[in-house]
Every structure is written in structure tokens, then in C-alpha cells.
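**Q** The structure is given below, and queries will be raised subsequently.
The values are calculated or read from the model by the stated rules, or taken from the named source; none is laboratory data. Keep in mind the model is a prediction, meaning the values are calculated, not measured. Using ideal geometry, Cβ is built from the backbone for each residue, glycine included, and neighbour counts are taken over all protein chains shown. Quick note on the areas: whole protein, heavy atoms, side chains included, nothing else; ligands and nucleic acids left out. Shrake-Rupley method; radii C 1.70, N 1.55, O 1.52, S 1.80 Å.
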Amino acid sequence: MRSFVYPLTALVSIGLLLAGSAAAADLDEAEALFRAGKYDECARAAATELAGFNGWDERWRLLKIGSEMQRGRYGAAMETVENSFRHLHSSIPLRLIARDVYRYNGRDDEIPRLMSNLERIVMGSPQRFATPEGLVALGRYFLLVGQDSRKVLDLFFDPAIKRQPDLLDGYYAIAELALAKQDFALAAETLRKAPKKAAADDPHYHYLLARAYASDDRPAAGKELAEALKLNPHHVDSLILAADRLVEDEKYGEAAKLLAKVHEVNPHEPRAFAYRAVLAHLQSDPAGEAEARSKALAHWSKNPEVDHIIGRELSQKYRFAEGSAYQRKALEFDPSFQPAQLQLCQDLLRLGEESEGWKLAADVFTGDPYNVVAFNLSTLHDRLAGFRTLQADGLMVRMDPREADLYGRRVVDLLVRARKTLAERYGATPPRPVVVEIFPQRKEFAVRTFGLPGADGLLGVCFGRVITANSPASQGEHPTNWESVLWHEFCHVITLSKTRNKMPRWLSEGISVYEEERADPSWTTPMSPKFRSKLLGPDLTPMSQLSAAFLNAKSSLDLQFAYYESTLAVAFLMDRIGVEGMRNLLDDLGAGVLMNEALPRRAKMSLKQLDDQFARYARERAGDGISHVTWEEADLPPDADSTAIEAWLQKHPNSFHGHRLLAARLIAEGKLGRAKAEIQALKVMDPAYVGPENAYMLQATLARKESDPAGERRALEELVARDGSESPAYRRLLELEESARDWKALARDADRMLAINPLIPAPHRAMALASEELGNIDAAIDAFRAVALLDDSDPAGLHYRMARLLARRGRRDEARREALKSLEEAPRFLDAHKLLLELVESPTEGQRGPAR
């Protein structure tokens with residue numbers, strides 16, 4: 001977010017060390033007034049000094065202009081600038097701030113002359129700016145005229161700080177440059193190295209740090225904003241950033257109050273009017289939107305930041321079409337305005353308008369190779385060029401070629417089924433085509449989704465007609481069921497298209513998780529003990545505030561809980577209004593009816609009643625049947641034996657975790673009879689628990705120790721019925737089913753494990769074996785091909801088995817090729833020689849091959 005006011009530290013620091021002690025003391029007092037937001041007092045103090053012996057002092061003039069601009073007194077600032085030009089013939093900071101003063105006084109046509117004059121000053125005698133303060137001023141000038149960012153950093157900003165380590169404006173200049181390039185880590189690192197006095201009394205320091213933290217650490221950003229506003233309750237930049245956070249949280253009324261505070265400081269502040277336009281748009285008030293935009297442009301009619309802010313905020317609400325239209329307006333005012341270029345690029349990519357989007361990314365990168373987002377997108381574009389595209393009716397799927405070979409067809413089949421099922425259920429017509437991109441590297445997913453690395457904890461994102469997802473390759477040893485992820489994201493396609501992207505996040509996420517559970521009960525998110533504790537405690541979020549729970553999450557657990565609460569809220573609504581009522585609610589939102597109006601009307605109760613009844617519903621679900629159970633953890637050493645655990649349980653007899661710990665310890669100690677009783681007690685206490693050392697896994701372990709494979713299978717089947725991502729349980733089931741020669745069960749569970757991780761050999765090998773035994777030859781061939789891609793331990797044997805299966809299907813040419821591949825790997829493989837001979841002697845295509 002760009003501030004039109006030149007940073008105060010740049011205005012007043014130049015030459016400060018040369019001032020006399022009395023003048024310096026007066027100036028320090030004036031600066032303190034400015035930092036505290038006492039702009040009128042500061043301007044009066046500056047005016048008094050300028051009327052006396054300090055009329056030639058640049059610092060007082062800059063301070064007076066800054067104070068007047070903060071208060072929106074653009075005409076007064078113009079008078080001060082013109083008066084200052086008569087006294088200060090070679091001031092770079094004066095001419096830099098004058099550029100904005102001219103703009104806000106409708107004198108854009110004079111800026112080229114101003115900049116030409118500034119260029120003559122810089123080039124005519126650059127040595128006069130060799131002080132650290134002068135270097136920072138020069139660096140800002142060269143950035144303004146489009147010079148290389150890296151060279152400015154290396155030649156001006158870094159040397160200034162090295163020569164004067166306490167030069168606060170040098171740190172600000174580097175941080176502001178990093179923020180402009182979206183290098184938030186560098187901005188934060190630079191500010192943390194700044195002189196300690198900045199944190200003590202400068203709101204601008206805390207504001208910049210809040211921006212640096214905003215994308216990765218929202219709570220920390222909030223703390224910095226609070227500190228900035230504590231130091232200066234009238235700090236406009238911080239008030240606007242705080243309003244931005246409230247808009248994100250869907251707290252539109254509170255945001256409007258903050259914007260009113262901004263206008264108390266500066267009645268003409270354009271950014272505040274831009275946010276008012278956003279609020280009007282979100283409230284379906286086109287007249288109010290147009291009026292606010294008009295006021296934002298009243299003093300600078302071609303200010304590109306106004307439309308950029310409106311568009312960016314709408315895009316954050318997933319209204320990319322409206323957002324991109326505003327970015328185009330911003331670029332009509334200033335075709336080189338980079339924030340609008342980048343936002344438009346990302347909007348277009350999210351709308352599926354890829355040709356223009358990727359071209360714009362390349363153009364930005366060519367013009368500014370140090371912009372982090374542009375660099376990331378350009379690199380990703382090259383990577384995507386190597387992806388394979390799979391197409392079906394209304395679908396376009398892009399995947400890594402190797403992954404496409406392994407499970408691409410399965411991805412397409414799932415999406416076709418999701419499209420049909422969910423479109424019919426919600427009465428929606430999804431866009432065509434829906435683009436789905438699956439990334440094997442998490443950083444690629446993050447860049448495609450957000451422009452920057454990160455996005456930890458997210459498995460997929462839907463923008464409306466574009467879905468991005470992490471593949472199992474990006475998720476470590478225990479990936480989440482990718483089929484549930486894609487089903488979830490495609491449900492977003494349906495609901496976002498039905499509402500024209502006008503729905504709160506909690507409702508969108510809640511419906512998607514709800515539909516996952518309907519599609520496959522094993523995809524259900526279980527109520528973990530931590531979720532249960534939060535629901536029964538003070539952490540339950542009212543339904544009317546659920547969207548904020550996503551943004552204010554302080555940990556991955558908080559984010560997961562936000563999803564869980566949203567699912568409960570949708571289940572609560574489905575119980576009351578049914579799927580037809582939900583359809584009608586989505587139609588209302590699509591027609592522009594506000595959520596706080598549509599929801600009470602469809603539910604036939606007030607928002608307060610909805611909040612109260614939802615809280616009761618959630619807490620009843622959390623305590624259903626297990627109100628006697630407690631959830632405290634056992635404060636015992638890791639090696640505590642069963643005797644010590646039992647002693648602890650005497651004081652905490654209903655502790656679920658205590659009994660879970662005891663069951664595991666009894667098994668380890670070989671006390672299987674007592675362990676069996678504890679496991680049964682655990683199932684009664686919380687049958688939904690599928691976390692570490694759950695009752696089902698403990699029961700399976702116990703059965704294995706008792707050499708009871710049937711009992712082990714029953715326990716593991718209970719577990720996977722509750723947790724569709726439990727890959728270790730599926731691995732063991734495959735072993736047990738193969739040993740029992742239960743080919744139907746083996747095929748079923750191999751199929752289910754492929755929905756978790758199709759990038760390992762085990763499920764493909766099990767599917768190949770089961771399919772061959774069941775006579776599903778085509779499925780066996782496909783599975784063996786996948787094994788060949790993943791496992792090179794016996795290539796000769798794999799090619800031989802594929803040759804036999806192909807021959808059985810009458811695909812003799814393919815069979816011969818596989819037999820030859822087998823012999824290439826093992827020239828003395830006798831069975832392969834025999835098979836090849838039979839195939840050569842019976843060349844007729846379509847003839848049944850040799851018996852198995």
C-alpha cells in the first residue's frame with residue numbers, strides 16, 4: 001500500500017547532524033509532534049521557525065509540507081512548496097514531495113518540468129549529495145525515474161547505512177523498496193536491524209513492519225499496527241491498513257468507522273474513499289460505489305492507486321472479474337503502475353485468461369527483474385510448459401507428465417463425477433472449461449496460487465473456474481487423500497459459480513467439507529479431542545463471525561478448527577433449511593443480497609438466534625454421549641510403566657488420553673488381556689478418535705501379537721472406514737488380504753490407497769495382482785505399467801508379466817515389445833524366450849495368446 005506522503009524521516013533527516021543544538025532541540029520537538037499525529041501543532045511550529053531565522057532551513061519546510069498534506073490541506077502545501085522553491089534551489093527531497101503536492105492540486109501538467117529540473121540538479125553536481133542522507137535522497141530519486149533496484153540498493157542505500165548505522169531513513173528506504181518488490185522477508189529483516197529508537201516512538205516503523213508481517217504472520221502484523229496507533233492514533237497509513245484487515249474479516253461496519261477516523265484527519269484521503277467504494281460494492285450499492293470513487297479522484301483525477309485498491313480488495317473477495325476491470329482502469333491512468341499490472345496478471349490467471357495473464361507477468365518481469373512475484377510467475381510459466389494437459393467434457397487438467405501417467409485418468413474420472421453430482425445437487429451450471437493444475441512441488445503450488453512461496457497447510461485452492469492443488473508428492477510420507485481434496489475444490493467451483501463469487505468464506509468452505517463427507521464417509525473430518533475441547537470451551541466462533549476465524553488463525557490447528565466449525569455450521573443449516581433452502585440461500589447471494597439479510601430470511605430466525613442455536617448445536621455435538629469423558633494429558637515421563645499410569649488414572653479416572661496411554665503401555669508390556677479391556681473402554685469413550693494410538697490401531701497391534709490376522713483386519717477396516725487418509729493401515733491391509741488371497745478386498749483397498757498416494761509401488765502392485773486373479777486383465781496391465789514406472793527392482797519380470805497379459809488380450813504386437821524389453825534386461829530369461837517364440841510363431845493380431 002503506497003503512501004502519497006514522502007516519509008517524514010526522509011524530509012527532516014538531511015543535514016540534521018549539522019544543526020546547532022538549540023535548533024536541533026526545536027526540530028526534535030516538532031518531529032515528535034508529527035510522529036504523535038499532532039499535525040496542526042507541528043505545522044504552526046514550522047511556520048513560526050520559517051518566519052524567523054530558519055527560513056532557509058530545508059527541514060522545517062519539509063516538515064510543514066508533510067503536516068499540511070497529512071491534514072489534506074493541499075492548497076496550503078502548494079503555497080509552502082512554491083515559497084520553498086524560492087529559497088531552496090537544489091533540494092531533492094523538496095522536489096520529490098512537490099511531485100505529489102502538484103498532483104493533489106490538479107497540476108499534473110507541471111510535473112514533467114519539475115522532474116526535468118530535478119534531473120539537472122542531480123546530474124549537475126552529484127557530489128553535493130555525498131552525505132549518507134544525500135545518498136538516500138539520490139536513491140529515492142533514481143528509483144522514481146525507473147533505475148535498476150539492485151544498483152540503487154548497492155550504490156546508495158547500503159553505503160548510506162554503512163557510513164551512518166543509525167540513519168533511520170536508510171532502513172526505511174530499503175524496507176519500502178523490499179515491500180514494493182513483495183520481498184516481505186527482506187523488509188522485516190531490515191526493519192529489525194533499524195535503530196531501537198524507531199520502535200520506541202515512530203509509528204511509521206511499526207506500520208512498515210505490519211506490512212512486512214501481513215502475508216505470513218497476521219497476529220504479529222496486528223500487534224505492530226496496534227503499537228503504531230498507540231503512538232499515533234491519527235496515523236493514516238496504519239488506520240487504513242487496520243481497515244483493510246477488517247474488510248478481510250468481513251467486519252464492514254467496524255471498517256467504516258475506521259475510515260471515518262481517517263477522514264477526520266484528512267477529509268480528502270483518497271485511499272479511505274477507495275475502501276468506501278469497496279464497502280459499497282460488497283453491499284450491492286453501485287451509486288455509493290461510484291460516489292466514493294468520484295470523491296477519491298476529486299483532487300488527483302488520474303490517481304491509479306484508487307482503482308488498484310478497489311480492484312485488489314474485490315479480488316480478495318474472489319470477485320476477480322470486477323477486480324480485473326478496476327485494474328484496467330488503473331492502468332488507463334498510468335500504464336506503468338506496477339501494483340496494478342501484477343494484480344491484473346494474477347486476476348487473469350485466476351480467471352483462466354492465461355494468454356494475457358502470462359504475457360503480463362513476462363512484461364512486468366522484463367521491466368523489473370527484481371520483483372519477487374513477477375520472477376516467481378515467469379519461472380513457473382516455464383515449468384508449466386512441461387506439464388501434460390488432459391481434457392474431458394468441460395475440464396482441462398494439467399499435471400507433471402510422470403504423475404499424469406500414474407493417475408491422470410483417475411483424476412479426470414473423479415472430476416467428471418464431481419461435476420455431474422454437485423451441479424445436479426445445487427442446481428448450478430459450472431463454467432467451461434474448469435482448469436485444474438496439480439503441482440508436485442509445494443512452492444510451485446504456492447506461486448501459482450499466491451505469487452509467493454508459502455501456503456503451508458493448504459492442499460488446494462479454487463478461484464472459481466481455476467483449481468490449484470498439491471499432489472501427493474508434495475506432502476511427505478503421509479499425504480492427504482487427493483480425491484477428497486479435488487472433490488472439495490470442485491464443490492467450490494459449483495458454489496462460487498452459483499453465487500457469482502459472492503459468498504462468505506465460511507459458507508463456501510463449510511459446504512465443500514460437508515459434501516466431502518457425503519461423497520465418502522471415510523473423508524469425514526473427525527472431531528478430535530482438541531476440536532472437542534475448543535467447542536466446549538470459549539473458542540467456539542459465532543456463526544456470524546466465522547469468516548474471521550480463517551484470517552485470525554494463529555496456528556495450523558486454529559485453521560483446521562475454522563474449517564471444522566464451518567462444516568458444523570453448514571450441517572446445522574442443512575438440518576434446518578435442507579438442500580433446497582441452501583440452494584435458495586446461494587441464489588440470494590448471487591443476486592446481491594447480503595449474507596446478514598439472506599441467512600435470517602431463509603432460516604426464519606435472527607442472526608442472534610442463529611448464533612445462539614448454532615452454539616448449542618455445536619456443543620451438543622461435542623458432548624454427545626461422552627459428557628463424562630475428560631481430555632487432560634497425563635503429565636508423566638515418556639517411559640512411565642503401566643503401574644505409574646494406573647496410579648495417575650486413580651486421580652483422573654475419566655481421562656481419555658490417560659486410558660489411551662495405558663492401553664499402549666499394556667501392549668508394550670505384553671499384558672494383552674488387560675490391554676484388550678482398555679481398548680474397548682477407549683472405543684466407548686470416543687469412537688471417532690483416529691489420532692495417534694487410537695483404539696483401532698491399538699486393537700490391530702494387539703491382534704497381530706496374538707497371531708490373529710482376521711482380528712487385525714477387522715480393526716484396520718474399522719479405522720480406514722473412519723479415516724480415508726490412513727495409508728499405514730491400508731499398507732498393512734494389503735499385506736493381510738494378499739496373504740488371505742482375498743482378491744476382491746485386495747482390489748478394493750488398493751483402489752482406496754491409490755486415492756491417497758498413487759506415487760508408490762505398493763497399491764499398484766496389489767491392484768495388478770488382484771486384477772490378474774479376478775480376470776480384469778486391462779486393469780492388471782495398467783497397474784503393472786505403473787509399477788514399472790515406480791519400481792526398477794525387477795524390470796525383466798515386470799515386462800514379462802505385462803507381455804503375458806497383453807497376449808491374453810490379443811494385443812500381440814504390444815506383447816512382443818514387452819517380451820523384448822524383458823530380454824533386454826535379462827537376456828537369459830528362459831520364460832521370456834519361450835513367450836516371444838510363441839508370439840512370433842502366431843503373428844495374427846487378435847488371436848488369443850498363450851495360456852497363462
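**Q** Just a yes or no: is a residue in the stretch 324-332 free of Cβ contacts under 8 Å to residues at least 24 places away in the same chain, out of contact with any Gly (no Cβ under 6 Å at 6 or more places or on another chain) and surrounded by 19 or more Cβ atoms within 10 Å (Cβ to Cβ)? Explain how you work it out, then say what you get.
**A** Start the filter on the stretch 324-332 by keeping residues that are free of Cβ contacts under 8 Å to residues at least 24 places away in the same chain, which leaves 325-329, 332.
Those left that are additionally out of contact with any Gly (no Cβ under 6 Å at 6 or more places or on another chain): 325, 328-329, 332.
Then keep just the ones that are surrounded by 19 or more Cβ atoms within 10 Å (Cβ to Cβ); that gives none.
Checked against the condition, which is being free of Cβ contacts under 8 Å to residues at least 24 places away in the same chain, out of contact with any Gly (no Cβ under 6 Å at 6 or more places or on another chain) and surrounded by 19 or more Cβ atoms within 10 Å (Cβ to Cβ), the stretch 324-332 yields no hits at all.
**Q** Can you pull out every residue in the stretch 530-541 that is surrounded by 18 or more Cβ atoms within 10 Å (Cβ to Cβ), not in a loop (DSSP other than H, G, I, E, B) and not aliphatic (A, V, I, L, M)?
**A** Scanning the stretch 530-541 gives F531, R532, K534.
**Q** Does the stretch 196-230 hold any residues that are basic (K, R) and open to solvent by 60 Å² or more (accessible area, probe 1.4 Å), and which are they?
**A** Result: K196, K197, K223, K230.
**Q** Which residue pairs have Cβ atoms closer than 6 Å, lie 6 or more positions apart in sequence or on different chains, and pair a first residue in the stretch 536-561 that is over 18 Å from T480 (Cβ atoms) with a second residue that is part of a loop (DSSP other than H, G, I, E, B)?
**A** S547/E250; S547/P504; A548/D249; A549/T541; L551/D249
**Q** Please tell me if D588 is charged (D, E, K, R) and under 25 Å from T524 (Cα atoms).
**A** no
**Q** What are the residues in the stretch 578-591 that are in a helix (DSSP H, G or I) and open to solvent by 30 Å² or more (accessible area, probe 1.4 Å), if any?
**A** Within the stretch 578-591, V579, E580, R583, N584, D587 qualify.
**Q** Right, next: If you scan the stretch 93-119, which residues turn out to be of a type in the set (G, A, S) and assigned to a helix (DSSP H, G or I)?
**A** Of everything in the stretch 93-119, those that are of a type in the set (G, A, S) and assigned to a helix (DSSP H, G or I) turn out to be A98, S116.
**Q** Residues that are open to solvent by less than 50 Å² (accessible area, probe 1.4 Å), part of a helix (DSSP H, G or I), on the phi < 0 side of the Ramachandran plot and at pLDDT below 90: does the stretch 419-441 have at least one?
**A** no
**Q** OK, next. Provide a single number: the residues in the stretch 157-195 that are open to solvent by less than 30 Å² (accessible area, probe 1.4 Å) and on the phi > 0 side of the Ramachandran plot.
**A** 0
**Q** All but one of (1) in contact with a strand residue (DSSP E or B) (Cβ under 6 Å, 6 or more places away or on another chain); (2) open to solvent by 40 Å² or more (accessible area, probe 1.4 Å) hold for R518, so report the exception by its number.
**A** For R518, the failing item is (1).
**Q** Can I ask one more? Can you give me the number of residues within the stretch 120-150 that are surrounded by 13 or more Cβ atoms within 10 Å (Cβ to Cβ), of a type outside the set (A, V, I, L, M) and part of a helix (DSSP H, G or I)?
**A** 9
**Q** If I ask for residues that are under 24 Å from the mean Cα position of the chain (by Cα) and without any contact (Cβ under 8 Å) to a residue 12 or more places away in the chain, which ones from the stretch 227-255 would you list?
**A** none
**Q** Of the conditions (1) outside any helix (DSSP H, G or I); (2) open to solvent by 40 Å² or more (accessible area, probe 1.4 Å); (3) closer than 30 Å to P529 by Cα, R704 satisfies every one except a single condition; which number is it?
**A** R704 satisfies all of (1) outside any helix (DSSP H, G or I); (2) open to solvent by 40 Å² or more (accessible area, probe 1.4 Å); (3) closer than 30 Å to P529 by Cα except (1).
**Q** Going through the stretch 31-65 one residue at a time, which ones are of a type in the set (D, E, K, R), outside any loop (DSSP other than H, G, I, E, B) and open to solvent by 30 Å² or more (accessible area, probe 1.4 Å)?
**A** Across the stretch 31-65, the qualifying residues are R35, D40, E41, R44, E49, E58, K64.
**Q** Still on this structure, please answer the following. Within the stretch 592-627, which residues are open to solvent by 90 Å² or more (accessible area, probe 1.4 Å), closer than 30 Å to N654 by Cα and in a loop (DSSP other than H, G, I, E, B)?
**A** D624, S627
**Q** Now a separate question. Considering the stretch 147-177 alone, what residues qualify as being in contact (Cβ under 8 Å) with a residue 24 or more places away in the chain and aliphatic (A, V, I, L, M)?
**A** Selection gives V152, L153, A160, I161, L167, L168, A173, A175, L177.
**Q** Tell me the residue from E718, E773, E737 that is of a type in the set (D, E, K, R), open to solvent by less than 10 Å² (accessible area, probe 1.4 Å), in a helix (DSSP H, G or I) and touching a residue at least 12 places away in the same chain (Cβ under 8 Å), please.
**A** E737
**Q** Test of understanding: among A330, A374, A361, A321, which residue is part of a helix (DSSP H, G or I), touching a Leu at 6+ places or on another chain (Cβ under 6 Å) and either at pLDDT below 95 or under 29 Å from R150 (Cβ atoms) (or both)?
**A** A361
**Q** Let me ask you something else. Looking at (1) modelled with pLDDT under 95; (2) within 39 Å of the chain's Cα centre (by Cα), can you tell me which one L16 breaks?
**A** Result: L16 fails condition (2) only.
**Q** Which of the numbered conditions does L649 fail, given that it passes all the others? Conditions: (1) farther than 18 Å from I626 by Cβ; (2) surrounded by fewer than 22 Cβ atoms within 10 Å (Cβ to Cβ); (3) not polar (S, T, N, Q).
**A** (1) is the only condition that L649 fails.
**Q** Tally up the residues in the stretch 336-357 that are open to solvent by 10 Å² or more (accessible area, probe 1.4 Å) and assigned to a helix (DSSP H, G or I), please.
**A** Qualifying residue count, the stretch 336-357: 9.
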